[in-house]
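Here it is: the structure, laid out below.
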Amino acid sequence: MSPATTPKAPAKASPDASPAEGPCITVPKILNHEQVQGFVDDGFLVLPELMTTAELDELKKDTVDVARGKYPCETLKSLPESMPEKEVLQNILCIHQPHYISPVMDKYVKHEKICGALSQITAAHLPFWDGSVKCMQSMLFIKPPTFQGQAWHQDEIYIPTRDRSLIGAWIAIDDATIENGCLWVVPGSHRNGYLYPQKPHENPEEFDSSQESYGFDDSQEVPVEVKAGSVVFFNGHLLHRSRKNRSNIYRRVLVNHYMNAWSKLPWTPKADETVANADRRTIELVAGVDPYAWKGTEDHGNNVYLRRCQANTTD
Ligand SMILES: O=C(O)CCC(=O)C(=O)O
């Protein structure tokens, strides 16, 4: 059994194995009614200037620390202190699950304002939702110049929830522009709750090796150009993509994924699990209550991994 799946001892066995609430995390409500409704209608929401300059500086420094192998981890080699930052970062498209090893990245998973907004929008499409939210994933994109983007996709293809509540909080560490490969979205494409099929794409110059969703009209796509410090929230059924970085600067982003804490997380079900009972517990509660606190959490180990990409430098 890998460290990522070793169950910790349950915090407390629920006598009847039914939802039982643990501690409650209170976060500030920062959105007005129009913003919440805008997210429900469009499937995405941009909050400019959510992060301070000091926070962005801390994220930039920690990006280099993580990539340099400052934190103990089998998958990230330790690089010499003397290696220039540029060299440390230059081959990395993305580091998956940095919050497993870095307390700084973990702090931004739990950022109060981000979690406040999440407690208002994550499952705002569900009547009676109580604002509870948990995190299951972080991804630190570095996306150096010439690196490809990711073709059309919906995140619930990769991380299924049971109530369409998957949501990304995409923290722009640098300005994100059309030139350096910002997000592009099809507004409203989350509404029907359909997950489109995927196939290999035919544009390796533009996109990395991830598959591409197809079978929909993308003529209404819009670029989401934002200043550093903005946070883009997007629903897990929203069709989105990003293009190649054609600038000479990095496009650094920390994107964390969350969901309604009341939904089980049937992510990579094991052979003996059913859709009804699969529930990965490599999660962190960030708002409200964890109805399944009695199950305890799974030890995620330090299963951080790198996504490199074949940068095409023929431009
Ligand atoms: O930022 C990017 O380039 C892609 C991010 C993305 O597609 C995602 O987080 O699902």
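The values are calculated or read from the model by the stated rules, or taken from the named source; none is laboratory data. The shown structure was predicted, so the numbers you read here are calculated from the model rather than taken from an experiment. So basically every Cβ, Gly included, is an ideal-geometry build from the backbone, and we count neighbours across all protein chains shown.
Where residues in region 227-258 are of a type in the set (Val, Ile, Thr) and buried (at least 22 other Cβ atoms within 10 Å of the Cβ), which of them is farthest from Lys107 (Cα to Cα)?
We begin by selecting, within region 227-258, every residue of a type in the set (Val, Ile, Thr); these are 231-232, 249, 253, 255.
The next check asks that each one be buried (at least 22 other Cβ atoms within 10 Å of the Cβ); those that pass are 231-232, 253.
Values: Val231: 15, Val232: 18, Val253: 15 Å.
Among those that are of a type in the set (Val, Ile, Thr) and buried (at least 22 other Cβ atoms within 10 Å of the Cβ), it is Val232.
Separate question: The conditions are (1) within 13 Å of the ligand (Cβ to nearest atom); (2) on the phi < 0 side of the Ramachandran plot, and Gln220 fails exactly one of them. Which is it?
Every listed condition holds for Gln220 apart from (1).
Please pick out the residue among Ser210, Ser242 that is modelled with pLDDT under 95, of a type outside the set (A, V, I, L, M) and within 14 Å of the ligand (Cβ to nearest atom).
Details: Ser242 fails: modelled with pLDDT under 95.
Among Ser210, Ser242, only Ser210 is modelled with pLDDT under 95, of a type outside the set (A, V, I, L, M) and within 14 Å of the ligand (Cβ to nearest atom).
Continuing with the same structure: Of all residues in region 81-140, which are of a type in the set (Gly, Ala, Ser), in a loop (DSSP other than H, G, I, E, B) and modelled with pLDDT of 95 or more? Lay out the reasoning, then the answer.
Step one: of region 81-140, the residues of a type in the set (Gly, Ala, Ser) are 82, 102, 116-117, 119, 123-124, 131-132, 138.
Filter once more, so that each one left must be in a loop (DSSP other than H, G, I, E, B): 82, 102, 123-124, 131-132.
Hits for region 81-140 are Ser102, Ala123, Ala124, Gly131, Ser132.
Does at least one position in region 194-205 carry a residue that is polar (S, T, N, Q), over 19 Å from Val66 (Cβ atoms) and away from the ligand (no atom under 14 Å from the Cβ)?
Taking every residue of region 194-205 in turn, at least one turns out to be polar (S, T, N, Q), over 19 Å from Val66 (Cβ atoms) and away from the ligand (no atom under 14 Å from the Cβ).
Is it the case that some residue within region 182-203 is in contact (Cβ under 8 Å) with a residue 60 or more places away in the chain and within 18 Å of Tyr250 (Cα to Cα)? Write out each step before concluding.
To start, the set of residues in region 182-203 that are in contact (Cβ under 8 Å) with a residue 60 or more places away in the chain comprises 182, 185, 187-191.
With within 18 Å of Tyr250 (Cα to Cα) added as a condition, the list becomes 182.
Yes: region 182-203 contains one or more residues that are in contact (Cβ under 8 Å) with a residue 60 or more places away in the chain and within 18 Å of Tyr250 (Cα to Cα).
Would you call Gln90 under 29 Å from Asn203 (Cβ atoms) and more than 11 Å from the ligand (Cβ to nearest atom)?
Working: under 29 Å from Asn203 (Cβ atoms): yes; more than 11 Å from the ligand (Cβ to nearest atom): yes.
Answer is yes for this residue.
So which residues in region 266-295 are β-branched (Val, Ile, Thr) and either at pLDDT 95 or above or under 23 Å from the mean Cα position of the chain (by Cα) (or both)?
Within region 266-295, the first condition is being β-branched (Val, Ile, Thr), and the residues that meet it are 268, 274-275, 282-283, 286, 289.
Selection gives Thr268, Val275, Thr282, Ile283, Val286, Val289.
Same structure, new question: Report whether or not Ala4 is in a helix (DSSP H, G or I) and at pLDDT below 95.
Values: in a helix (DSSP H, G or I): yes; at pLDDT below 95: yes.
So Ala4 passes the test.
The conditions are (1) in contact (Cβ under 8 Å) with a residue 60 or more places away in the chain; (2) under 18 Å from the mean Cα position of the chain (by Cα); (3) under 27 Å from Arg280 (Cβ atoms), and Tyr158 fails exactly one of them. Which is it?
Every condition holds for Tyr158 apart from (1).
Ok, one more. Among Ser132, Ser210, which is the only one that is out of contact with any Cys (no Cβ under 9 Å at 6 or more places or on another chain), small (Gly, Ala, Ser) and either touching a residue at least 60 places away in the same chain (Cβ under 8 Å) or under 18 Å from Val286 (Cα atoms) (or both)?
On the way: Ser132 fails: out of contact with any Cys (no Cβ under 9 Å at 6 or more places or on another chain).
Matching residue, one of Ser132, Ser210: Ser210.
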